[in-house]
Structures are given as structure tokens and as C-alpha cells.
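Okay, structure first, notes after.
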Amino acid sequence: MSAYLKFNKLFKVSSLKKTYENNVQNSLAVGLDKTTRTTFENNIDNELLIINRKVNNGSYAFTPYKQKLISKGANSLPRAISIPTYRDRVTLRGVCDLLFHVFSEELEVNIPQVKIEYIKSNIIKPEFDTFIKLDITNFYPSIDHSALEKTLRKRIRKPEIIQLILKSIRNSTVSKAVNGERKVNLVGIPQGLANSNVLGEIYLSAIDQKYSNRTNIFYTRYVDDILIFCSDDDTDDISKELVEDIEALSLNIHPLDEENSKSYTGVLTEPFDYLGYYFKNRAASLRTSNRQRFEASIANIFTNFKYKYNSAKTDTNRERALEILRWRLNLKITGCIYENKKRGWIFYFSQIDDKQILFKIDSSIKNMVKRFKLEGKVKPKTLIKSFHESKKSDKESHKYIINFDSFDTNQKRKVLEIYLGTGKLDGKKDSEVERLFNYRIRKVIEELEEDIQNLS
């Protein structure tokens, strides 16, 4: 199907309705226009008609995105995330689906643990003795719109489609509503939009294809992190050529082999980091700091429980605090499956070879149970079993690792009652239970994903 036909199909009112229900409905972030989900849904037919009409006649204008700053740690500047309005969110998702359709041949978007699996199968090959690790500086903020437009036009000819895409990335991101003329971004892609990642992938697709097709190297990339395995004799030539190709796209690489640089080369028996994993002697592990960070997040669950338990005025509230502790602790340990995605720390690090790390964390959790005097009251699941269960299919593992996608309404009610208390859902319709459940589980997912943020 051509880009034009796919575009017309995606932006029909009926298709936009499905896009909202499948990809936007459970999002709770409010854009700069302060329109809530409830307000949007009360007027959804008119909103979708507006999108349909304006996208097709070329007059669609995005509301400035609302800025949200995400911490990257004490020694880094925060990441600026752009939050669109609900109307823009539906439109951007349509654009995203169109781009994936049009550029499906060029795109190979894999989750980190799949990338790590590829790395493990190639790092042991005898023809490779050297690695090249390159990190692109300020990737999304540096993407050149003109170069991106040239790539887009190779597959998309309709001007209205190109202009809609460009409008989405030229739109300003602000901390509050401002009057007067809008600032137009001439470089960079706002992060947090539905089409941000796919546009970044398209921008580097020619480089990916060029180096992935070479028979004498192994090449992989995840966003702005590039990793190559090759022969020592080829290291300098490949490094120089790749840096030149990247700079030709108006991007920069952290200087190679400078002290403390994110870009460096080495022999494959030397340690290096990639996507939060720590490779040493061609085996996958993780740094002690990553283990300690995860243990600290588990300790926070116990600390939070202690405060709620000690401040509870009734036995019922104390028992509920215990139930929440059991629930949160086991979710942290096992992760979960939600919206057909595997979530959590153990899934992210499912490719490690050093299982002793998991035993050490399990031991630390047992010590926490003792320290908080919860023996006999709390029996946590284990990371080592979760690790083995994570290798199974979803149907095989869902008894140990929770698959929220398989939950019926009664199971969803039981989950909500853990947080809200018994009887709090009496009289609630199934549709309201569904809405509350998705809201709560999204909060759970946010907590799980905090453990694996900024690891790359």
C-alpha cells in the first residue's frame, strides 16, 4: 500500500477512533490546553472530525507541547520531554503508524535485551577481537530537519504528509502557555512524541544498512549508542569512516579514546558497557552499581511500608499495608507483562550470564525481611526463579510472573482492592473498573521502569 493510501486509511474518522482507543485512551498526561481525558472523550466525535478535516486540507496546527523535565541523575542535565494535547496525541500516533508502514524495510527496532542477545551470539566469534563503541552526542536535539526531509521524500511524495510530519517536530515545547508568536524549531526532534523514535531511526537508517550489510564486522545500534565488533587491523579505518558518515548528518560523536569519553575502542577480553550491561571476557554481566541501585529501590519499598504500617490506626489498615508490601515487592522482583510487553528489571537483564548476581540480590532481600522483622509475614518471590521463568513463553510463565493482559474483570477488582481497600469498588461498573485498573497498572509500570532508566 502506498504512503498516500495508507495516510487516507489511517486518518479516516473510524481509524482515528481505533487509534485513540488502542494507543491514547490510557494516557493521563494533560497537554498545554489543559484538556483532560474525560473532557476529550465527551467531545471525541467532534475532535476526530477536526483532525480528519484539517489533516486532509493541510491546515492542521499542533498546540505547543508542554515541557516536562526528567532527572538523569545528579551529574547530568534533565531530559526535556514534550507532552502533546489529546488531539495532537491521536494525530501523532497516526503519523507514527504511517512512518512504520512506509519505512518498514529500513527499520529494525528491537528492545535492548534482543540487542544484547545478538551481541552475545557474535562476541564469541573468533574472527572478532576488537570492539568499537561510539556514542552520539545530543542525538535527538541535533537532528537536521533538511536532511530528515530528504530521506522522508524518498518514500513519501504527498506534500501534505511531509508538512504534517515537519510541523510535528518544528512545534515548540514550552513550560507554560505564552501569547504572541510561536517559536519554530529548525533543528532537533522533541522527545516523548509518538513519532520521535521512528523519526530518529529513519534518520540513521542509511548508516545502519551500510554497516549491517558488511560481512567483516558486527554492527548494532540502539538510539545513540553504536557497537561494532571487528578485527584489530580494521579498527582505525572503520572508526574513521563511521565518524565521517555520522558527521555528514550534522551529528557529533563523543571523542574517541579520550579519558572518560563515552566513545572508545578495546580488545574483546577487556570490559565495556552497553545498554546497562557490563561485558567482561566476552560474557554479559552488570556493574555492582546497577545491582546496588536495584537493591536500593527494593529497600525503599520496605521503608515506605514501615511508615504506613506504623502510622496505621487500625488492624485493617496495618494488614492492608502488609498486602501492598507483598504485592509491590513481588512485582519488583518478577516484573510483569502488560500490553504485550515484558516489563521490569529482570526482563531487561534477562541476558546476563552471571547468575550469581541474582542469588546475591535474593540474599539481600531475605536480609531486608529479617531486618524489618517480617519473617512469616512476607515470603518474597526470587529473582533467580523469575530469571528462568522470563525465558518461557507468556502462557507458561504467567503463574509466577503476572500477565495483566490475561486478567478478567474480577481479577482486576482484586488488584484494585489491594490499593483501595475491600468494598471500595462496590457499585462500580466494569468500564470504570477497567479505567481504574489501567490507571493503577500504568503507575506500577512507571515504578518498574524507574529501575532501568538511564542505564544506557
Inset, instruction - Would you work out which of Ile401, Gly58, Ile441 lies farthest towards the positive end of the dipole of the chain, given +1 charges on the beta-carbon of Lys and Arg and -1 on that of Asp and Glu, about the Cα centre? - result: Ile441
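Mind scanning Lys391/Lys414; Lys332/Lys428; Lys355/Lys414; Lys54/Lys150 and naming the pairs with a C-alpha gap bigger than 26 Å?
Details: Lys391/Lys414 28 Å; Lys332/Lys428 29 Å; Lys355/Lys414 34 Å; Lys54/Lys150 24 Å.
Long pairs (Cα-Cα over 26 Å): Lys391/Lys414; Lys332/Lys428; Lys355/Lys414.
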Legend entry - Relative contact order (%) - criterion: Cα under 8 Å, at least six apart; region: the chain: 14
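Which net charge results when you count Lys and Arg as +1 and Asp and Glu as -1 among the other residues whose beta-carbon is under 10 Å from that of Leu358? Before the final figure, lay out each step's value.
Details: positive: Arg291, Lys355, Lys360, Lys385; negative: Asp354, Asp362.
Local charge sum for Leu358: +2.
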Inset, instruction - For the chain, build the charge dipole from Cβ charges (+1 Lys, Arg; -1 Asp, Glu) around the Cα centre, then report which of Cys230, Leu358, Thr316 sits farthest towards its positive end. - result: Thr316
Inset, instruction - Quickly work out the Tyr118-to-His388 label distance, labels modelled 7 Å from Cα along the C-beta direction, and quote it in nm with one decimal. - result: 3.1
Legend entry - Which labelled figure in [x] 37, 34, 19; [y] 34, 29, 20; [z] 39, 25, 21 is semi-axes √(5λ) of the Cα gyration tensor in Å, once derived from the coordinates: [x]
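Please sort through the DSSP H helices of the chain and keep those with an alpha-carbon extent of at least 15 Å along the long axis and a Kyte-Doolittle average not below -1.0.
Qualifying helices: 44-57, 86-102, 112-123, 159-170, 235-247, 288-311, 315-334, 356-371, 409-420, 430-450.
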Legend entry - Sites excluded, GluC sites (Glu not before Pro) in DSSP loops with at most 10 other C-beta within 10 Å, longest stretch of the chain: 260-374
Inset, instruction - Pop a pseudo-label 7 angstrom from the Cα along the beta-carbon direction at both Arg435 and Lys366 and give the gap in nm to one decimal. - result: 4.7
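Where nothing but the Cβ of Lys and Arg (+1) and of Asp and Glu (-1) is charged, how large is the charge dipole of the stretch 1-102 around its Cα centre, in debye to the nearest 20?
Around 180 debye, computed over the stretch 1-102.
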Inset, instruction - Sort the stretch 14-121 into rounded, prolate or oblate with this rule: let a ≥ b ≥ c be the square roots of the eigenvalues of the Cα gyration tensor; rounded if a/c is under 1.5, and if a/c is not under 1.5, prolate when a/b is larger than b/c, oblate otherwise. - result: oblate
Legend entry - Computed label-point distance, nm, for sites Thr409 and Glu127 using a 7 Å Cα→Cβ extension: 5.9
Inset, instruction - State the Kirkwood hydrodynamic radius of the stretch 271-378 in Å, one decimal place, computed from all pairs of distinct Cα atoms. - result: 15.5
Legend entry - Separation between Cα centres of the stretch 104-139 and the stretch 7-43, rounded to whole Å: 36
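How much length, in nm to one decimal, is gained on full extension between Thr35 and Lys154, taken as 0.36 nm per residue of separation minus their Cα-Cα distance? Show your work: numbers first, answer last.
Details: separation 119, 0.36 × 119 = 42.84 nm, distance 3.70 nm.
Additional length available on full extension: 39.1 nm.
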Inset, instruction - Taking amide H positions as placed in the peptide plane 1.01 Å from N, state which residues far from Thr382 in sequence (5 or more) or on other chains have amide H under 5 Å from it. - result: none
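Values quoted throughout were computed directly from the atomic coordinates according to the rules given, and no laboratory measurement underlies them. If you're wondering where the values come from, they're calculated on a predicted model, not measured in any experiment. Glycine also receives a Cβ, built like all others from the backbone with ideal geometry; neighbour counts cover every protein chain displayed.
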